[in-house]
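Take a look at the structure set out below.
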Amino acid sequence: MRFLISIFCTFWVSGSFFAKDINLCSLEAASYDYDIDYQNLVTFLGEEKIDIESSAFPDVYAFAYSWLHTPYRYGGDSKNGIDCSRFVMKLFNQVLGLNTVGTSAELSRMGQTVDKSQLKEGDLVFFTTRGKSISHVGIYLQNNKFVHSSTSKGVIVSSLDEPYWKRTYAKSTRFYEPHPF
């Protein structure tokens, strides 16, 4: 099905140079890959104030949406339960094509450190939720929002502006440079 949507989008967008059209087509195609309802995904993105038209990685949102409300399970790696670092590794592997392994603390020592004011989609955000060492990781989306596997709520989207995340924020890293085209 994704192949048919891609062909349709190629012909539909061929006369247009709008990233919006390409991103919406990519998002719709990804919704089939992850077996999610496209309209529900678009509604969710609107509620979260995510501008898919300016997204560098529309597939990230379809992947993240397909995992929403998956319960947290330490060491978990499936829809039955997943922890924060495994969620990051799965997204990086399946969507961004990056091979990452490690705990949140180990991941925090990889990649290029990025100032919080310079965050881009796909950057990792790290937190010290237990003491002074890094113990939690999420993936930055847009508008100070990030997706992560929370110990209390499972996979959710949160805001870096929430008092808890402001207080526990430790650092951010980047594992890639967005494609310039």
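The values are calculated or read from the model by the stated rules, or taken from the named source; none is laboratory data. It should be emphasised that the depicted structure is a prediction, and the values quoted were computed from it without experimental measurement. Note that we place each Cβ from the backbone using ideal geometry, even for glycine, and neighbour counts take in every protein chain shown.
When Ala105 is tested against (1) farther than 21 Å from Asp161 by Cβ; (2) in contact with a strand residue (DSSP E or B) (Cβ under 8 Å, 6 or more places away or on another chain); (3) touching a residue at least 40 places away in the same chain (Cβ under 8 Å); (4) of a type in the set (A, V, I, L, M), just one condition goes unmet, and that condition is (3). Across the stretch 82-100, which residue is surrounded by the most Cβ atoms within 10 Å (Cβ to Cβ) among those that are free of Cβ contacts under 8 Å to residues at least 60 places away in the same chain and more than 16 Å from Phe126 (Cβ to Cβ)? For the stretch 82-100, the residue satisfying everything is Val95. Every condition in (1) hydroxyl-bearing (Ser, Thr, Tyr); (2) in contact with a Phe, Trp or Tyr (Cβ under 7 Å, 6 or more places away or on another chain); (3) touching a residue at least 60 places away in the same chain (Cβ under 8 Å) holds for Tyr176 except the one numbered (2).
Here is a check on your reading of the model: is Phe146 closer than 21 Å to Ser172 by Cα, within 11 Å of the chain's Cα centre (by Cα) and crowded, with 21+ Cβ neighbours inside 10 Å? Taking the combined requirement at face value, the residue satisfies it. Looking at the stretch 149-173, which of the residues that are more than 18 Å from the chain's Cα centre (by Cα) and not in a loop (DSSP other than H, G, I, E, B) is surrounded by the most Cβ atoms within 10 Å (Cβ to Cβ)? Only one residue tops the list, namely Ala170. The number of residues in the stretch 25-56 that are at pLDDT 80 or above and closer than 16 Å to Phe146 by Cβ comes to 7.
If you go through the stretch 117-137 and keep only what is in a strand (DSSP E or B) and touching a helix residue (DSSP H, G or I) at 6+ places or on another chain (Cβ under 7 Å), you end up with Leu124, Phe126, Phe127, Ser133, His136, Val137.
Kindly check whether there is at least one residue in the stretch 73-96 that is within 30 Å of Ser172 (Cα to Cα), in the same structural domain as Thr151 (by TED's automatic domain parsing) and at pLDDT below 85. Checked the stretch 73-96: at least one residue is within 30 Å of Ser172 (Cα to Cα), in the same structural domain as Thr151 (by TED's automatic domain parsing) and at pLDDT below 85.
For the stretch 36-52, a residue qualifies if it is closer than 23 Å to Leu124 by Cα and exposed (fewer than 14 other Cβ atoms within 10 Å of the Cβ), and the qualifying residues are Gly46, Glu47, Lys49, Asp51. Within the stretch 61-76, track down each residue that is more than 15 Å from the chain's Cα centre (by Cα) and surrounded by 14 or more Cβ atoms within 10 Å (Cβ to Cβ). Matches in the stretch 61-76: Pro71, Tyr72, Arg73, Gly76.
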